[in-house]
1. Name the residue that is surrounded by the most Cβ atoms within 10 Å (Cβ to Cβ), counting only residues in the stretch 110-127 that are outside any strand (DSSP E or B) and either touching a helix residue (DSSP H, G or I) at 6+ places or on another chain (Cβ under 6 Å) or touching a residue at least 40 places away in the same chain (Cβ under 8 Å) (or both).
2. If we scan the stretch 214-221, do we find a residue that is in a loop (DSSP other than H, G, I, E, B), more than 16 Å from the ligand (Cβ to nearest atom), under 21 Å from Ile5 (Cβ atoms) and in the same structural domain as His85 (by TED's automatic domain parsing)?
3. Kindly establish whether Gly88 is over 24 Å from Arg32 (Cα atoms) and small (Gly, Ala, Ser).
4. Among (1) at pLDDT below 95; (2) assigned by TED's automatic domain parsing to the domain that holds His85; (3) farther than 26 Å from Ala191 by Cβ, where does Thr231 come up short?
5. Just the residues that are under 15 Å from Ala159 (Cα atoms) and among the small types (Gly, Ala, Ser), please, taken from the stretch 195-216.
6. Exactly one of (1) assigned by TED's automatic domain parsing to the domain that holds Arg121; (2) within 16 Å of the ligand (Cβ to nearest atom) is unmet by Val162. Its number?
7. Name the pairs: first residue in the stretch 137-152 and buried (at least 18 other Cβ atoms within 10 Å of the Cβ) and at pLDDT 95 or above, second residue part of a loop (DSSP other than H, G, I, E, B) and of a type in the set (Val, Ile, Thr), Cβ to Cβ under 8 Å, at least 6 apart or on different chains?
8. Among the residues of the stretch 224-279, what is the count of those that are more than 16 Å from the ligand (Cβ to nearest atom), part of a strand (DSSP E or B) and among the β-branched types (Val, Ile, Thr)?
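The values are calculated or read from the model by the stated rules, or taken from the named source; none is laboratory data. The structure presented is a predicted model; accordingly, all values stated were derived computationally and were not measured. Please note: Cβ atoms are built from the backbone with ideal geometry, for glycine as well, and neighbour counts cover all protein chains shown.
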Amino acid sequence: MRDTILQATAADGTIRASVVISTHAVEDARIRHVTSATATAALGRSLTAAALLSAGLKENQSVMLRVLGDGPIGGVIAQADAEGHVRGYAMHPQADLPHTDGRKLDVGGLVGRRGMLHVTRDLGLRTPYHGSARLVSGEIAEDLASYFITSEQIPSVVALGVLVAPNLSVLAAGGLCIQALPGARPEIVDALEARARRLLPITQMMSTGRTIEEILAESLGDLHPHIGTTTPLAFYCRCSRERVEGVLLMLGAQELEALVAQEGRAEVTCRFCGDRYVLSDDEVRGLIGKLEDPVPDVM
Ligand code: ZN
């Protein structure tokens, strides 16, 4: 099943629904960040949640989710844009905990049950839109649902799942979000919430071969969804050598001189994707040269 974000509406546009399949993106993130089983689930749920939050974004807009709890993972950051790109990292990717009594990955314990969930939407305006809510359980889906109601006043059903194999690879990952917009009939909202409690976990629905449209239909019951856009999803980081050089230039000539004197090179690792950029002695001196060049007179 390909990684996809599916958006839909139902009940004359008063119900908004998104389904995300993110297995490959989460597996990519796991390999890049060498995450423990529980950290894979925490990061995977966060990446999937960011993809759900990205529904409705337009070109050049993005959304950042930060789950900052008091657990051993130390915080999880995920970002998604309108093009279906997600990227993210955990502060302590190797942190892990034993399974819960129910033999489940203890994501709530790893994230921590106390802390904050922050959502920042960069809509290309002067200031990004920021909202936050206290964590409820650290399990991320409940925390995001709580964020939607307390910060955005949108009653929402959120489900997130990451199924990790004994060899640590990701077997399935996905999520869904159903929201009641102003004007939604209360009996429809009640029926959706009741239905959500009976739904199979999304990874189970995926592993029994249901298509993304079938998962959507099953979540909405007898409401007939109007399918909107379908966007391919992938782990993608926008870091590049040029951006790394830009960051190094901001250090200034003196700092860069000290760096090459000490290390003989500059090494930068992107937090979001783990890619490593190494600039040789000569390359750093080239950057210093740029800083020392007088600004060309174009007049
Ligand atoms: Zn990167």
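1. Val111
2. No; the residues of the stretch 214-221 include none that is in a loop (DSSP other than H, G, I, E, B), more than 16 Å from the ligand (Cβ to nearest atom), under 21 Å from Ile5 (Cβ atoms) and in the same structural domain as His85 (by TED's automatic domain parsing).
3. no
4. Unmet for Thr231, out of (1) at pLDDT below 95; (2) assigned by TED's automatic domain parsing to the domain that holds His85; (3) farther than 26 Å from Ala191 by Cβ: (1).
5. Within the stretch 195-216, Ala196 is the sole residue that qualifies.
6. That leaves (2) as the condition not met.
7. Close Cβ pairs (under 8 Å, with a partner that is part of a loop (DSSP other than H, G, I, E, B) and of a type in the set (Val, Ile, Thr)) amount to Asp143/Val136; Ser146/Val136; Phe148/Ile154.
8. The total comes to 4.
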